[in-house]
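Chemist: Here it is, the structure, as structure tokens.
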Number of protein chains: 2
Amino acid sequence: MSRFLVLMSFVLLFAAGKSIAEPAMPTGALGVVIERATGSVLIIDRMQHEAIDRIEGLGDLSHASVNFSPDERFAYVFGRDGGLTKIDLLERRIAKRIIQGGNSIGGAISDDGALVAVSNYEPGGIRVFDADTLDMVADIPAQSKTVGLVELPGRRFAWAGWESGDAYMADLSGPEPVVTRLGATGANPYDAVLSGDGRHFVVGLFGEQGLTLFDMWEDAPEPVRFLSDYGKEGEDMPVYKMPHLQGWAFTEGQFALPAVGRHAVLWVNRDTLAETARTKTHGQPIFVLSQPASPYAWVNFALPHNDTLQVIDSRTHAVVATLKPGAAVLHMEFSPRGHEVWVSSRDDNKIIVYDTHRRAVKAEIPAQSPSGIFFTARAHRTGL
Amino acid sequence: MSRFLVLMSFVLLFAAGKSIAEPAMPTGALGVVIERATGSVLIIDRMQHEAIDRIEGLGDLSHASVNFSPDERFAYVFGRDGGLTKIDLLERRIAKRIIQGGNSIGGAISDDGALVAVSNYEPGGIRVFDADTLDMVADIPAQSKTVGLVELPGRRFAWAGWESGDAYMADLSGPEPVVTRLGATGANPYDAVLSGDGRHFVVGLFGEQGLTLFDMWEDAPEPVRFLSDYGKEGEDMPVYKMPHLQGWAFTEGQFALPAVGRHAVLWVNRDTLAETARTKTHGQPIFVLSQPASPYAWVNFALPHNDTLQVIDSRTHAVVATLKPGAAVLHMEFSPRGHEVWVSSRDDNKIIVYDTHRRAVKAEIPAQSPSGIFFTARAHRTGL
């Protein structure tokens, strides 16, 4: 009897110790940072300005991206090696990991949180998984590499095909997926983005000039080409890194566009789709991100200018600040109300936290070759 | 020894039992529902479609509103009796409660989550509290009842004064609050709202025709009057209930305005501030809310039409659906990505959850005289 109680005490001590070591924790101010060289991610607490744990064993995380469940508990990490890893941010462990393809390029989660979609280069097409179990629920193959996957309301997703030069939508709200071809985009779409109101699906082209827009509020969206004199112009200037269209800043009445291969940000009127202004920048822009609830957009740059950030006023289109956070600045993430921006400096092995109002450093957090930074607030945003 | 182990086992059994009863829980899909008649709130889980606990003892909750901490752990409930109650959603208990004034009308939380501001009728003015301790950190008195309190980025707040007919801004980012008079609004402002991009602070008037807008991106915002032929027109039609301006739907390029005392929603061009269309509605509108990531606005109504909701297409300004959720529909709250809207039916003692795409009921949750519904996703939104 007494031996049983000793044993029982140890069992219960372990259970109690576990609950003391991992106290109840809210998830609204958590996030993950991709450590690309080591196949690991940091779980961070953005209120405390600290890394609270490191999760390892996520495979090839070059070019990785992340989505979150609606309750902000689970992070879905899409790796370049086709890995889809579900991280439990509360228990700080990998809940499940599968290799779902050979070379994947990003993902999206349905508005109700039930489905996770992955876009693949190898094989082409998209695959859709049950968000709980990661069991595959739909395989939508294509001859093309899939780019620019976005979420649309009503358990729908849209994407474009690199070789086929067209765009598709899948509706997974019924018993069987319904796939619709939206139309031709132009040659070699390389990325796409959805505006925050879910209306405009904008596709960037590498193979020819211009961009293509679809109005996703329409029953039968049709391609509209614009900025037909914009794009990669001949071989006069090497493109050091393709810009990310997920980073396009949509602001009231206009959006900002990183010019491919040029030292410029283009400003486009959202009604007329005409270029209204051009801002000369320090280098080739990669991400152009709106600082929430402000007139400002923040820009980072390709090599050899990737130690620099610039801030542009969307009213005057003038550069109002130039900052030098560190070596190889790969990504920025704003707090959802915009009071901070977190910046990854890969080659200085740290995250730098800026006060956006003073544009001053308020904290630094060590990290191993950090790239993407993703806050759980993304769970509540359309298009991701 | 054996007696010690028995005791120890019970202690540990209790500790383990506690951790089993209240497991680690994410906070991104929680919310609170005001039960106005009983001074209680329900904590709800919007993924599970269920009430998970009831918290009692919150005083007079008629016309109560709620803000959330950035980590989505704490709900700050502003009661009509001047009560400010901080609820811990994880531990499901009142963390702190103070009576901070005689008659309060709403609150806001700073972008960094450090400060909670309350607007008061009695005494007039606003009071600002440390979000952790609820200790008062600033008292900004006024001769007027304070209305339309909003949060502005950079630890700032703005509001209007009912008797004084003007608007103010307080900057709490430095060691002492800096209060600035923004200018005259017109007679008897009754509510105000901030656009999602933090730019336009719009004040509704009861004492004269028109509305007043301030561009809060300017260094010195100035009042701009618009819709000067709009407002309460004589005594020809009784105003059964003042509409809520927090409910104004700002969509791309236009916003929707509940017409005071009329069976109409007005559509205003955001650039020109001119009325562009008018939608005839079933009753006097109270809330006009944008369904996220869609062209639709949902409207509820004052007595005697408060059993009805209508859905309006912002492109055509036509009513596209009329629904009858239940008796005395007081409030609506959309899931952040818009796939659901939760509707309170006070006199049927229930919350009705609609699938917004099918406009069909998908769940019902019992509640005692429910009024306001507030999801934790509000933590991540500017202006609240």
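Chemist: Restricting to region B:70-86, count the residues that are modelled with pLDDT under 95 and among the charged types (D, E, K, R).
Modeler: The qualifying residues number 2.
Chemist: Could you list, in sequence order, the residues of region A:192-230 that are touching a Phe, Trp or Tyr at 6+ places or on another chain (Cβ under 9 Å) and of a type in the set (D, E, K, R)?
Modeler: Step one: of region A:192-230, the residues touching a Phe, Trp or Tyr at 6+ places or on another chain (Cβ under 9 Å) are A:192-207, A:209-216, A:221-224.
A:ASP197, A:ARG199, A:ASP215, A:GLU222 - these are the residues of region A:192-230 that are touching a Phe, Trp or Tyr at 6+ places or on another chain (Cβ under 9 Å) and of a type in the set (D, E, K, R).
Chemist: Follow-up question, since we're still on this one. Looking at region A:204-220 only, could you name the residues that are over 25 Å from B:GLN291 (Cα atoms) and not in a loop (DSSP other than H, G, I, E, B)?
Modeler: Of the residues in region A:204-220, the ones over 25 Å from B:GLN291 (Cα atoms) are A:204-212.
Of everything in region A:204-220, those that are over 25 Å from B:GLN291 (Cα atoms) and not in a loop (DSSP other than H, G, I, E, B) turn out to be A:GLY204, A:LEU205, A:LEU211, A:THR212.
Chemist: Out of B:ALA75, B:ALA114, B:ALA24, B:ALA108, which single residue is within 14 Å of chain A (Cβ to nearest Cβ) and free of Cβ contacts under 8 Å to residues at least 12 places away in the same chain? Before the answer, list the steps.
Modeler: Numbers: B:ALA75 fails: free of Cβ contacts under 8 Å to residues at least 12 places away in the same chain; B:ALA114 fails: free of Cβ contacts under 8 Å to residues at least 12 places away in the same chain; B:ALA108 fails: free of Cβ contacts under 8 Å to residues at least 12 places away in the same chain.
The conditions single out B:ALA24.
Chemist: How about region B:210-233: which of its residues are surrounded by fewer than 16 Cβ atoms within 10 Å (Cβ to Cβ) and modelled with pLDDT under 85?
Modeler: The answer is B:ASP229, B:GLU233.
Chemist: Looking at region B:39-52, which of its residues are surrounded by 15 or more Cβ atoms within 10 Å (Cβ to Cβ) and either in a strand (DSSP E or B) or away from chain A (no Cβ under 14 Å) (or both)? I'd like the intermediate steps shown before the answer.
Modeler: Let us first name the residues in region B:39-52 that are surrounded by 15 or more Cβ atoms within 10 Å (Cβ to Cβ), namely B:39-47, B:49, B:51.
B:GLY39, B:SER40, B:VAL41, B:LEU42, B:ILE43, B:ILE44, B:ASP45, B:ALA51, listed by residue number.
Chemist: Now a separate question. Would you pick out the residues in region B:194-233 that are within 17 Å of B:GLY253 (Cα to Cα) and of a type in the set (Asp, Glu)?
Modeler: The answer is B:ASP197, B:ASP215.
Chemist: Quick one: in region B:312-330, which of the residues that are surrounded by 16 or more Cβ atoms within 10 Å (Cβ to Cβ) and more than 20 Å from the chain's Cα centre (by Cα) is farthest from the other protein chains (Cβ to nearest Cβ)?
Modeler: Filtering region B:312-330 for residues that are surrounded by 16 or more Cβ atoms within 10 Å (Cβ to Cβ) and more than 20 Å from the chain's Cα centre (by Cα), the one farthest from the other protein chains (Cβ to nearest Cβ) comes out as B:GLY326.
Chemist: Here's another thing I want to ask about it. Which one is modelled with the lowest pLDDT among residues in region A:181-198 that are open to solvent by 40 Å² or more (accessible area, probe 1.4 Å) and not in a strand (DSSP E or B)? Let's see the steps before the verdict.
Modeler: So the first thing to find is which residues in region A:181-198 are open to solvent by 40 Å² or more (accessible area, probe 1.4 Å), and the list is A:181, A:184, A:188, A:196.
With the extra rule that they be not in a strand (DSSP E or B), the set shrinks to A:188, A:196.
Working: A:ASN188: 93, A:GLY196: 87.
It comes out as A:GLY196.
Chemist: Counting only residues that are among the acidic types (Asp, Glu) and in contact (Cβ under 8 Å) with a residue 12 or more places away in the chain, which one in region B:133-155 is farthest from B:GLY59 (Cα to Cα)? Give the steps one after another, and end with the answer.
Modeler: The initial filter retains those residues of region B:133-155 that are among the acidic types (Asp, Glu), namely B:135, B:139, B:151.
Those left that are additionally in contact (Cβ under 8 Å) with a residue 12 or more places away in the chain: B:139, B:151.
On the way: B:ASP139: 23, B:GLU151: 25 Å.
My answer is B:GLU151.
Chemist: Also, I was wondering about something else. Among the residues of region B:131-138, are any modelled with pLDDT of 95 or more, open to solvent by 50 Å² or more (accessible area, probe 1.4 Å) and of a type in the set (Asp, Glu)?
Modeler: Yes, region B:131-138 has at least one match.
Chemist: Restricting attention to strands (runs of 3 or more DSSP E) lying wholly within region B:72-112, give those where 1 or more residues are open to solvent by 30 Å² or more (accessible area, probe 1.4 Å). First the steps, then the outcome.
Modeler: Working: elements: B:74-78, B:83-88, B:93-99, B:103-109.
Qualifying strands (runs of 3 or more DSSP E): B:74-78, B:93-99, B:103-109.
Chemist: Now for a separate question. Quick one: count up the residues across region A:354-375 that are under 12 Å from the mean Cα position of the chain (by Cα) and either within 8 Å of chain B (Cβ to nearest Cβ) or aliphatic (A, V, I, L, M) (or both). Full working, then the answer.
Modeler: Here is the first cut: in region A:354-375, the residues under 12 Å from the mean Cα position of the chain (by Cα) are A:371-375.
Narrowing the set further to residues that are either within 8 Å of chain B (Cβ to nearest Cβ) or aliphatic (A, V, I, L, M) (or both) leaves A:373.
Residues meeting the conditions: 1.
Chemist: Any chance you could count how many residues in region B:53-71 are closer than 17 Å to B:SER371 by Cβ, in a strand (DSSP E or B) and of a type in the set (A, V, I, L, M, F, W, C)? Spell out the reasoning first.
Modeler: Keep residues of region B:53-71 that are closer than 17 Å to B:SER371 by Cβ, which gives B:54-56, B:58-67.
Then keep just the ones that are in a strand (DSSP E or B); that gives B:54-55, B:65-67.
Applying the additional criterion that residues be of a type in the set (A, V, I, L, M, F, W, C) yields B:55, B:66.
So the answer is 2.
Chemist: Within region A:139-161, how many residues turn out to be modelled with pLDDT of 95 or more and outside any strand (DSSP E or B)?
Modeler: Counting residues in region A:139-161 that are modelled with pLDDT of 95 or more and outside any strand (DSSP E or B) gives 3.
Chemist: On the given criteria, is A:ALA379 closer than 28 Å to B:LEU384 by Cβ and either surrounded by fewer than 21 Cβ atoms within 10 Å (Cβ to Cβ) or without any contact (Cβ under 8 Å) to a residue 40 or more places away in the chain (or both)? It would help to see each step written out before you state the result.
Modeler: On the way: closer than 28 Å to B:LEU384 by Cβ: yes; either surrounded by fewer than 21 Cβ atoms within 10 Å (Cβ to Cβ) or without any contact (Cβ under 8 Å) to a residue 40 or more places away in the chain (or both): no.
The answer is no for A:ALA379.
Chemist: I've got another one for you. Would you confirm whether any residue within region A:358-374 is at pLDDT below 95, assigned to a loop (DSSP other than H, G, I, E, B) and either closer than 17 Å to B:GLY198 by Cβ or of a type in the set (S, T, N, Q) (or both)? Working first, answer last.
Modeler: Of the residues in region A:358-374, the ones at pLDDT below 95 are none.
Looking through region A:358-374, none of the residues is at pLDDT below 95, assigned to a loop (DSSP other than H, G, I, E, B) and either closer than 17 Å to B:GLY198 by Cβ or of a type in the set (S, T, N, Q) (or both).
Chemist: Something else: Considering each residue of region B:13-31, count those that are surrounded by fewer than 23 Cβ atoms within 10 Å (Cβ to Cβ) and at pLDDT 95 or above, and give that number.
Modeler: First, the residues of region B:13-31 that are surrounded by fewer than 23 Cβ atoms within 10 Å (Cβ to Cβ): B:13-25.
If we keep only those that are at pLDDT 95 or above as well, we get none.
Total meeting the criteria: 0.
Chemist: Given the options A:GLU340, A:GLU333, name the one that is among the acidic types (Asp, Glu), under 22 Å from the mean Cα position of the chain (by Cα) and either open to solvent by 30 Å² or more (accessible area, probe 1.4 Å) or under 30 Å from A:PHE157 (Cβ atoms) (or both).
Modeler: Details: A:GLU340 fails: either open to solvent by 30 Å² or more (accessible area, probe 1.4 Å) or under 30 Å from A:PHE157 (Cβ atoms) (or both).
The unique qualifying residue is A:GLU333.
Chemist: So which of A:PHE201, A:PHE129 ends up being more than 14 Å from every other protein chain (Cβ to nearest Cβ) and in a strand (DSSP E or B)?
Modeler: Working: A:PHE201 fails: more than 14 Å from every other protein chain (Cβ to nearest Cβ).
Among A:PHE201, A:PHE129, only A:PHE129 is more than 14 Å from every other protein chain (Cβ to nearest Cβ) and in a strand (DSSP E or B).
Chemist: Here's a follow-up. Could you tell me whether any residue of region A:118-140 is farther than 30 Å from A:ARG270 by Cα and within 16 Å of the chain's Cα centre (by Cα)?
Modeler: yes
Chemist: Being under 30 Å from B:PHE201 (Cβ atoms), at pLDDT below 95 and either touching a Gly at 6+ places or on another chain (Cβ under 7 Å) or open to solvent by less than 20 Å² (accessible area, probe 1.4 Å) (or both): is that true of A:LEU309 here? Before you say what the answer is, go through the steps one by one.
Modeler: On the way: under 30 Å from B:PHE201 (Cβ atoms): yes; at pLDDT below 95: no; either touching a Gly at 6+ places or on another chain (Cβ under 7 Å) or open to solvent by less than 20 Å² (accessible area, probe 1.4 Å) (or both): yes.
Considered against the rule, which asks whether it is under 30 Å from B:PHE201 (Cβ atoms), at pLDDT below 95 and either touching a Gly at 6+ places or on another chain (Cβ under 7 Å) or open to solvent by less than 20 Å² (accessible area, probe 1.4 Å) (or both), A:LEU309 comes out as no.
The values are calculated or read from the model by the stated rules, or taken from the named source; none is laboratory data. Nothing here was measured: the structure is a model prediction, and the numbers come from that model. Using ideal geometry, Cβ is built from the backbone for each residue, glycine included, and neighbour counts are taken over all protein chains shown. We work out accessible area using only protein heavy atoms, side chains counted, and drop any ligands, DNA or RNA first. Shrake-Rupley method; radii C 1.70, N 1.55, O 1.52, S 1.80 Å.
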